[in-house]
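Working notes, structure below.
Nothing in this text is a laboratory measurement; each read-out follows from the coordinates by a stated rule. Being a predicted model, the structure only gives us computed values, none of them experimental. For neighbour counting, all protein chains shown are included, and Cβ atoms are generated from backbone atoms with ideal geometry for every residue, glycine included.
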Amino acid sequence: MEDVASFGSIGGGWLPMKFINSGWTVFRSRKTSMLIYAIAVLPILFVQYLGTCNMWIAVSIVVLAMAAHQAWSANIFTTVPDMFPSIQQVWDSLKRFYLFLESNPSRDLEISRIRTVAGKVF
């Protein structure tokens, strides 16, 4: 059964990448993939009834739900890095802003404030 969860984890990363490579935005591809995985879990509601008809149908539905759950989990863990920049990107942006202000001599007061704040933060 844990092999199925591994398949769901790998497949969970494959589908959004396929969407991204076809031109979708990262946000749209992740959310669409997560919706597909959430819908794939819903047949678990019928497992008890289908288990009385055929055990292997019930097992198949549980396996599908496990893979879909793992795929959804893999995507929810990657939404935070997608939405928020790394500290290096923030630092690069601050450096560009500082260089912009430094190129304008009338902004000496702002430069000293940035140096003070940057010294406290970094």
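Condition first: touching a residue at least 24 places away in the same chain (Cβ under 8 Å) and in contact with a helix residue (DSSP H, G or I) (Cβ under 7 Å, 6 or more places away or on another chain). Now tell me which residues in segment 79-102 satisfy that.
Result: THR79, ASP82, LEU94.
Quick grid of which residues meet (1) closer than 15 Å to GLY11 by Cβ; (2) assigned to a helix (DSSP H, G or I); (3) not aromatic (Phe, Trp, Tyr):
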residue	(1), (2), (3)
ALA40	yes, yes, yes
PHE46	no, yes, no
VAL62	no, yes, yes
GLN70	yes, yes, yes
VAL80	no, yes, yes
